[in-house]
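For reference, the structure discussed in these notes is given below.
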Amino acid sequence: MSFEIGDAVPPFTLSDTKGVEHTLPADPADAPQATVVIVMCNHCPFVQAWNPRVAKVAEEYAPRGVRFLSINSNDATRFPADSFDRMVQFARDQSWPMPYLHDPEQDVARALDAQVTPHIFILDADHTLVWTGAPDDDPGDDSEEANAGWLREALDSVTAGCRPAVEQRPLRGCSVKWLR
């Protein structure tokens with residue numbers, strides 16, 4: 001299956017680390033201006049490097065009408081660091097500013113055609129994919145200038161009612177750990 005720019009998000013409902021269910025597409029009456037879906041995990045060094053920048057983006061853009069959902073789809077049997085219990089611990093220890101959803105059957109990751117962790121998808125108000133990629137070009141850069149610039153640029157366009165100038169950025173990260 002392929003999920004490409006211009007496609008409507010495949011419907012899903014997943015529970016987060018607090019047991020709250022989250023559904024996409026959202027109820028049209030409650031639809032945010034944009035939704036950011038991040039397929040991630042706990043153990044990937046790319047995710048760990050980018051997490052502070054992504055969390056800051058979530059804190060800054062949520063008040064501007066952007067919904068953020070992070071999803072862990074990794075096989076926790078082979079990768080115990082990605083277990084649900086460790087997700088709960090991560091969300092608590094990191095004061096994670098967005099729901100952290102569990103996709104144990106990997107249905108959502110497959111529907112989104114997630115390739116790596118992190119793999120970011122931006123949906124517009126109509127729940128159509130308008131951007132995908134990595135937060136920026138260098139997960140190892142911890143300077144002040146490293147601020148998830150690609151993600152911010154795309155969100156600035158979407159929240160202004162425009163399509164991002166660049167719809168897809170290169171992916172970097174760990175492979176999604178698929179069930180065997």
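How many of the residues making up the stretch 107-131 are in a strand (DSSP E or B) and more than 12 Å from the chain's Cα centre (by Cα)?
4
Quickly run through the stretch 81-100 and pick out the residues that are part of a helix (DSSP H, G or I), over 16 Å from the mean Cα position of the chain (by Cα) and within 19 Å of residue 22 (Cβ to Cβ).
84, 88, 92 - these are the residues of the stretch 81-100 that are part of a helix (DSSP H, G or I), over 16 Å from the mean Cα position of the chain (by Cα) and within 19 Å of residue 22 (Cβ to Cβ).
Quickly run through the stretch 57-80 and pick out the residues that are exposed (fewer than 14 other Cβ atoms within 10 Å of the Cβ) and in a helix (DSSP H, G or I).
59, 63, 64, 80, listed by residue number.
Name every residue in the stretch 33-62 that is over 15 Å from the mean Cα position of the chain (by Cα) and farther than 22 Å from residue 107 by Cα, in order of residue number.
33, 45, 60, listed by residue number.
Give me a count of the residues in the stretch 157-175 that are farther than 17 Å from residue 32 by Cβ and either touching a residue at least 60 places away in the same chain (Cβ under 8 Å) or among the hydrophobic types (A, V, I, L, M, F, W, C) (or both).
Matching residues across the stretch 157-175 total 9.
Can you pull out the residues in the stretch 94-120 that are buried (at least 21 other Cβ atoms within 10 Å of the Cβ) and more than 19 Å from residue 82 (Cα to Cα)?
Within the stretch 94-120, 112 is the sole residue that qualifies.
Right, residue 2: more than 24 Å from residue 148 (Cβ to Cβ), outside any helix (DSSP H, G or I), at pLDDT below 95 and not aliphatic (A, V, I, L, M) or not?
yes
Name the one entry in 70, 95, 143 that is within 11 Å of residue 38 (Cα to Cα) and either in contact (Cβ under 8 Å) with a residue 12 or more places away in the chain or small (Gly, Ala, Ser) (or both).
70
I'm trying to understand the selection: among the residues of the stretch 136-173, which are of a type outside the set (Asp, Glu) and not in a loop (DSSP other than H, G, I, E, B)?
149, 150, 151, 152, 154, 155, 157, 158, 159, 168
Take the residues in the stretch 34-51 that are more than 22 Å from residue 21 (Cβ to Cβ) and in contact (Cβ under 8 Å) with a residue 12 or more places away in the chain, then tell me which one is surrounded by the most Cβ atoms within 10 Å (Cβ to Cβ).
Once the filter is applied, the top-ranked residue is 50.
Among the numbered conditions (1) within 19 Å of residue 173 (Cα to Cα); (2) of a type outside the set (Lys, Arg); (3) out of contact with any helix residue (DSSP H, G or I) (no Cβ under 8 Å at 6 or more places or on another chain), tell me where residue 40 comes up short.
Only one criterion in (1) within 19 Å of residue 173 (Cα to Cα); (2) of a type outside the set (Lys, Arg); (3) out of contact with any helix residue (DSSP H, G or I) (no Cβ under 8 Å at 6 or more places or on another chain) is unmet by residue 40, namely (3).
Residue 19 versus (1) modelled with pLDDT of 95 or more; (2) assigned to a loop (DSSP other than H, G, I, E, B); (3) surrounded by 10 or more Cβ atoms within 10 Å (Cβ to Cβ); (4) out of contact with any Phe, Trp or Tyr (no Cβ under 8 Å at 6 or more places or on another chain): which is the lone unmet condition?
The failed condition is (3).
The values are calculated or read from the model by the stated rules, or taken from the named source; none is laboratory data. On a predicted model such as this, the values are computed, not experimentally measured, just so you know. Reconstructed Cβ throughout: ideal geometry from the backbone, glycine too, with neighbour counts over all protein chains shown.
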